[in-house]
Every structure is written in C-alpha cells, then in structure tokens.
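Taken together, the values in this text are just the output of simple stated rules run on the coordinates, not laboratory data. Worth saying up front: this structure is predicted, and the values here are computed from it rather than measured. Every residue, glycine among them, receives a Cβ derived from its backbone with ideal geometry; neighbour counts consider all protein chains shown.
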Amino acid sequence: MIEPVQILIIHDDMSENDPLIITLKEKYGDENVKLEKRSSKGLSYIHNHLTSKLIVLLDFDLGQGEPHAPEVIEKIREETSLIYVIIITAKQFSSISHEALIKFINNEALGIIQSTADIKDVVSLVDKAAHELDTRVDCVLEQWIAKRPKEEREKPYLTTRSGETYTLDDLIIEIRKETELGQRMERGILQLAIEQLTNGDRQL
Amino acid sequence: MPDSQNILKWRFDVNTFRLLGRELITDRITAVYELVKNCYDANAKKVTVSFENVGKDAEGKAVITIEDDGHGMSFEDIRDKWMVVGTASKRTELFSPAPFNRRYVGEKGIGRFAVDKLGGRVRIITNQAGSDKRLVVVIDWDEYERLSKEPQLELFTDVPNDFHWEKAPVEEQGTILEISSIPEHEVWTDLDIRRLERELEKIVSPFFPLNPPFNIWIKSNENKEFNEKLIQAETVKFSSHEFSIGFNIEDGVQETLAFDKDKKAIAIDKIPMKSFGPVKLHIFYFNEKAKKKYNAAYKNDDYRVDGVKIYRDGLITTPFAEFEQNRDKKRDILGIEKRRWSSAFDKIGTREVIGILEITNDDNPEIRDATNRQDFVDCKEYRDLKEFIIAQLNVLSELKKHERDVVKEEVDSALLKANIEIKEFESAIADIKRENPTLKTALQPLLKQAKQIDRSLKRGIQQQQKERQEHVRKENIYLSLMSLQDYAIHISHAVRTALGKVKRRAEFFKDNFPNPKYDDLFTDYSIEIYEEMANLNRIIDFMLSYAGSNIDMEDFNVRDLLIDLFERAYRPEFEAENIQIQVEIKDNFIIHANKKFFEDIIENLISNSVKALRNESNKIIKCTGFIENDHFILYFSDNGEGIIPGDEEKIFEMYHTTTADLGGAGVGLYIVKTRAESLKGSISVDRSEFAPKGATFKISFPFNKEI
C-alpha cells in the first residue's frame, strides 16, 4: 500500500465543515485532511509525521501566543525540507513585512494565496504540491518498494562501509530525513536513472 | 575522483574588491567604524584615527591613519588570514584571550575592505610584540580599479600586492592602516569628523567600562578641536530622572520599572526572569523642562537623546552604526516611535530618553544579530525583549502624565492666587482711601489699574479653561483618528476573512448544487453565509461609527445610561431569554466622554453574556459601578460558561470566538476593548463573582472631575 498524501491545515479561523476542507477531503480522502487551529499543535503534528508525504496549508496570523506563519515555516525547515508549505492570508500582500516574505522564500514556501481566493485555486496549488511529492525520488522509490514482497522489504538491502545495514524501508526514511546517506542514495538513484534512460533502448 | 580536466573552479573578477568594499559599506563613517572594530578585535587598548589634510584645500595630500596598539599581525596572519576573503578564524573562537576576554565583533571577515571606501591606496604597517621588524604591505586599490577597466579578464586573486620588512623597536606592537589617494571631492569637513566622533563615542557602553580599556582618539591637523581628542561618551547632562534596573540570577529575578500610583513616583519592582534572560537597563528621562535646558545647552542638536541602545558585553550592537543624519529616517528597530504613533500623547518617544540596555552573550544567547546587521533575529525572546523595553517606557509615560497634571495644577493655583492677591490689593487701597480721603485723587489711577488687572486675570483664567477644554476635545478627536489607522488594518483583515468564508460557501453552492449528498452542508452553509453577512454588517457599522459626529464628546449621567440600557433597551431580550438582572450603580455622576462608545461597550458585553448563558438554567447578569480614587470602575459579570483558563488575553482579539455556533464572530469583545481604550480606559478579566462558573470583566475609566 503506497502512503497517501496528507494535508494539514493550520488555521485558527476555519471550521471543520469549511468548503475548502470538504473539497480537499473529497479529493484526498477524509482521513488524509486534518485541521489544526493552533500552530503549536500543528508543529507537533508535523514533528510526529516527518516521514509522511505531507502538505501544509498555513494561515498567516495564528492568534496571540501562537507562532505565526513566518516562524512556523522556519521551525518546519529546521526539521525537514520535504514538507510542502502553502501560505494562506487575509493580509494585503503589500502589507506583509519584507522580513516575513524573505522567510517564506528562504524557507521554500511553495505558494502564497489570498484567503479570498477561489477554492479551485487553492486546490490546484495543493495538487501541484501533491504532484511534486509523487515524483520525488523517495516517493517513487516507495512506490517501487510497495510492489516488492514483504520478505524482500525486510531483508538487509545495503551495508555501509561502517558495517550498518539498511532495509529498503530504512532507506526511504534516510532519504526523507536527508541524512548524509539519504542524500547520497538520492543522487545515486537519479544518476543511475538518467544513465539507464540515455544508454538503454529509450523505452520507458 | 573526476579527471582534473573535467573540473571547473570559481574565480573572482577583479571587480570583487568593489563589491566587498565601497558597495557593501554604506558610508564613510561606517567604514571607519568597521576598521575601529577590527582594532577592538586585535585587543587594542588605544586606537588613533588621524585625519591629515582632508579639508577642501588638501590637493590630493589627504591621509587617514588608523593606528592601534593591538597584537599586530605576522606575515602568516596577513597572508593566510587578513588577505583571505571571509576568513573564519575569528568565528571558531568567540572571545579573545585573557585579560581582554573581548567578544569578537568582526565576525564576517570583510570589515577590512572598508578601507576601499575611504581611499585608493592603503599601507598596512604591522608588527607583533617581541619582533624587531615590522611588515609593510601596500594595497593599491587604484590599480585594481584600473585593471577592472581592462578588456581582458583580470582575477581579483591574481593582482600582486607589494610588501617589505623594516626594522622596528622590539617593544613596538600594533597595526597602522595608512589610507591615501583619497579622491579630492571626498573632503572630510569638521562636521563629518564630529559625526564620526558621535558614532565612535557610542561603541563602548558608558556603564560597562572595559578592562583593559578601549580608548579611541581622533586627531586632525586642520581642526584644533581635534588636536588630540579622546572620544568618550559624554556624561549624560540635564536629564530630569535617572533609573537603573538589574537582576539576580540566583533568585531568578529581573527588576522592572513600575509607577507607584500612591507615591506618584517610579519604583523598582521584581518580576520573574524573562525568556530573553537577565538584562540591565540604565535609563535617563528628559522631561519638558530638562529638554529645554538640554536644547539651550546643545543648541537644539539632540542627537544624544536617541532612545534605547543595546550593548552586548559592553559593545554596541544596535542601533547599528550606519550614519543617518535625518532623525526621522533612522531605523526604529525597537518599534518605539511606531507605538507612539498608534497611541496616546503621553507616550515616551526616542527623543526623550537615553537608554543603555546591557545584554551578554552568555546570559542572553537567543538575542542574536541578524546577518544584515540591521536588527536582531526575530524570535520569541527578541519580541519579549522589545516588549520589556516598551513596558519600561510606558512607566515613564505615566510619570510624564503625572508631571503634566502637576504643572496644570500649579498654573491653576498660581492664577487663582494672583486673583486673590489683586482682590486684597484693591481692598487695601480702598481702606487707605477711606482713612485718608485726601489721597483719593492720587489713589484713583492705582485702583483703576488694579481693577483692570483683575478683569484681565479673570479673562485669562476663563480663556485658559476654554483652551484646555478645546485641547482635550482636539486630543480626543485626534486619538480616535489615530486609532482609526490601527482599526483600518484590523478591519480590512476582518472584512477579507469574512468575505473569504462567504465566498468559499457560495463557490461550493455554485459548483455542487443540487446534490443530495451535500444537503446538510447546503443548509449549514446558507445559515453561515447569513450570519457572516450580519457580522460584516456589524464590522462596517463599527467602522462607520468613527465617521461624522459620533466622535464628539458629551456630558452624560453614567447611572442613567446604564439603567436605561438594562431596564429599557434590553428588557425584552432579557425577558425572552429568562435572564435576571442585577444593576447596582453606587455613585451618581456625570462624565464627559463619547456616549456612543460607552454604549457600544455595554451592548457588546451584554450580547457576549447572553451567548455565554445559553446552556444555563438560572441565568444572571450583574453590573456594579462605583468611583474609586479618580477612576470609575465597572464590574460586569454573568454566571455563564466562563472563560477557558489561559484565554484571558486572547478573548479580546478580533476573531477569537467560542460561540461560532451562535454566530459569534469574535468581534464583540474586540470592540469592547478598543472602545474602552478610545475612552482612555482599560478592560481586564477578573476572578468570576459567580466562581466556579461565569465570568467577570473589570472596566476602568479615568474620571476627571475637572472635565
């Protein structure tokens, strides 16, 4: 079973029955769309789902005492760069401080959208994020692994020079956590794929 | 390993020197400042910045020299550190060796390129303690400039720079930067040098003397004032008040300023340590009188009274030394002036205080410089620190307000006294006249004049009272308008959020209706759209209440108004909801305020309580009012579902609601709070009168009998 994309909405002024949430649930499955009104709780959810395929829809102002979007995205990036973040705001774009915008860009927000935008525009940004999640090395690898029999997945697949062994499932986690091994694997896989593509008989 | 044929390397065009020097350093004063900071890092005890022939008749003979007695540099230091861009050697160690223990300030290793901003050629003469020779390196930026214009590619790293050795006394140590080839148009006027002095005098905290010292001298052969002048922060003169707060790490206690309302003076309170760690603050306040004295002495040049500066381990961190002559353009990173704009007249601004806030690297690790050196990194701790500073200034504001009141009283009583004295004078003359009728003619003009003075005085007193009323009226209008700017931001946010909600629901209808699967949602959405529109309406009404005559003040009887609201206007609603009312307004008095705002407060509190009581069987709303000192206090309570602990502050935010199911938009208590503030009052959550159930709000308005 391939892990589905999960969507976390961090918004202090949205209800569970909001049409945006209903539309997203319709498309991505009820159990895969979650609303968190407090950003601190949202952050701990993210912390516990670092290896999931996660898209975060993040409101800008999140109430007194709660970290606001620029801080939230910074905290997310301290842990992982694999989660896609889309900012939603009722603020006039021109009134967003430069510091906040710099934080969004430097911390790779996938998009920023006004709270009065059409649902379909928000959904299309989410779709874009979902597509990127699906075409990433870790996700494609996961799809491939998912097709292997259980015993193959559980047996050591790779042994490092220092003697540590990794199963296929372990490797996905290494890639998602962006460990040194994970990054090396990712590069290797891409290089190999390109070599295959250019050397082979050009059939996908 | 890739074939050496197949690799590419970065190279730097000769233009790099410009990027690192004149284009990165914003102005000449900052350039000198950066170089002086390098001397600090070299453990210098003395730095001399000399200007020779830099005036307008210099004819190209201008030289600027920066000489220090620091540890100097070896050939290796120059080759492997000084001349390597971005050397990180300083970054691996945070502090220089004992006895200096200075925290390195030139962290990025580019300050040395500041010389390019000052002149086209630099001679570096350096020697280390114990060495009998000094190293002389010549860097000719003019040559770099020439090469950068050549058509062929010249690399920054390929330009040769000459060096040689000279004999030197063994006891000599330190570094001299001799900058020449200064463009003729870049004259350093006396004013420029004085500006430099002002910036340099702020480098070291006046209250955290460095040991060993770091003394900076300025020398100029063209200006007698700078014959050989030690730069030191001038002792603060003329301030009217001076306060100093500290901390106690063992007890986890931070000191803070507090205004003692009984003693009408500033006291020092102890509070638990804040998130940003312990800080010391030395603050000088200049009241109006002091400011006048100050301006007379310094001829209105008020650059020294420049707000709060932050020093880390004795060295300035902010405001960062970027020279800006126009004070209004200075960056207000602590948000002191912004807050003034958005609030009242009694607030303290940067031109009324000199504050020295001391932090240390060890105790306040979360207060970090932003990489652009223009602020600190935004984080909770820094925000808390800013709040702390503002809180200190707010205490000074209360002092300022108190002093203004005292002056008002003094003037009033002096006028009154003068009036009485004139009366006494008149009756004394009348007595003399009666006793000595012969003097009548002689005394007549005197009496006439006394009467005239009496009339003028009375007119003066009347005029003064009228002016004061007019002033209060204008101040009130102005205050409302200023808050309007804040409201505009809130309201546009509120309107957009409401519109977004309505629009998404409408869009859902448009895309999905009819569809039996969503029938329940359609019903919900239509109700929500209706309620959201009603909220929008309320928001717009609230906004419009600022338009037209509504901001005028009027006299009204508070008791009558409250009784009218509770027993007449809201009676039908209370009866329908089966709510019992207890209204006890002890004092009967008239206040001069905006009646509409006052009504808004009560109406919104009532509507808030009605919602909170929805699941209660025995519903009570209680309102108690009385005068306490110079405030009118109102307690407003209900025995409803109460406030979730921890939400006491949050409930006043716009859009905070716990009654969304009843169409609560979270606007009501926001209106209550902003209205109360517009009337110069305050609102807070008190212990519930109906505890463990219910909620009690305490609202306090200043009550000035004179108005």
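A few notes on this one:
- The modelled label-to-label distance for the pair B:Asp80/A:His131, using points 7 Å beyond Cα in the direction of Cβ, is 5.4 nm.
- Amide H contacts of A:Leu62: A:Ala69, each under 5 Å away and 5 or more positions distant or on a separate chain (H built 1.01 Å from N in the peptide plane; Pro and chain starts excluded).
- Computed 3J(HN,Hα) for the stretch B:120-126, one whole-Hz value per residue from the Karplus formula 6.51 cos²θ - 1.76 cosθ + 1.60 where θ = phi - 60°, is x, 9, 9, 10, 9, 10, 9, glycine and proline marked x.
- Legend: mean number of C-beta atoms from other chains within 10 angstrom of residue C-beta atoms, peptide B:30-39, equals 0.
- Net charge dipole, chain A: roughly 340 debye, given to the nearest 20, about the Cα centre with Cβ charges of +1 for Lys and Arg and -1 for Asp and Glu.
- Calculated translational diffusion coefficient of the protein assembly as shown (25 °C, 0.890 mPa s; Stokes-Einstein with Kirkwood radius over alpha-carbon pairs) equals 71 µm²/s.
- Relative to one another, the C-alpha centroids of the stretch A:132-157 and the stretch A:13-38 are positioned 28 Å apart.
- This ranking places A:His131, B:His241 by how few other beta-carbon atoms lie within 10 Å of each, fewest first, which gives A:His131, B:His241.
- Helical content alone sets the calculated 222 nm signal of the protein assembly as shown at -13000 deg cm²/dmol, taking -39,500 (n - 2.57) per DSSP H segment of four or more residues and averaging over every residue.
- Burial ranking of peptide ranges A:29-41, B:260-272 (average Cβ count within 10 Å, highest at the top): A:29-41, B:260-272
- By the beta-carbon count within 10 Å of each Cβ, the least crowded to most crowded order of B:Phe247, B:Phe95, B:Phe425, fewest first, is B:Phe95, B:Phe425, B:Phe247.
- In order along the stretch B:574-591, the phi-based Karplus estimate (6.51 cos²θ - 1.76 cosθ + 1.60, θ = phi - 60°) of 3J(HN,Hα) comes to 4, 5, 4, 8, 6, 9, 8, 10, 10, 10, 10, 10, 6, 9, 9, 7, 10, 10 Hz; Gly and Pro are listed as x.
- Simple point charges give the picture: +1 on the Cβ of Lys and Arg, -1 on the Cβ of Asp and Glu, and for the protein assembly as shown a dipole about the Cα centre of about 2480 debye.
- Ranking A:His47, A:Thr165, B:Thr65 by how far each Cα lies toward the positive end of the dipole of the protein assembly as shown (charges on Cβ) leaves B:Thr65 at the top.
- Debye, to nearest 20: dipole size of the stretch B:547-619, +1 on Lys, Arg Cβ, -1 on Asp, Glu Cβ: 240
- For the stretch B:237-254, the Karplus equation 6.51 cos²θ - 1.76 cosθ + 1.60, evaluated at θ = phi - 60°, returns couplings of 10, 6, 5, 8, 9, 9, 9, 9, 10, x, 7, 9, 5, 4, 7, x, 10, 10 Hz by residue, with Gly and Pro reported as x.
- Sequence of A:Trp144, B:Trp82 once ranked by neighbouring C-beta atoms within 10 Å, starting from the fewest: A:Trp144, B:Trp82
- Relative contact order [Cα under 8 Å, 6+ residues apart], chain A, whole percent: 17
- Neighbouring partner chain Cβ atoms per residue of B:497-510, average, 10 Å criterion: 5
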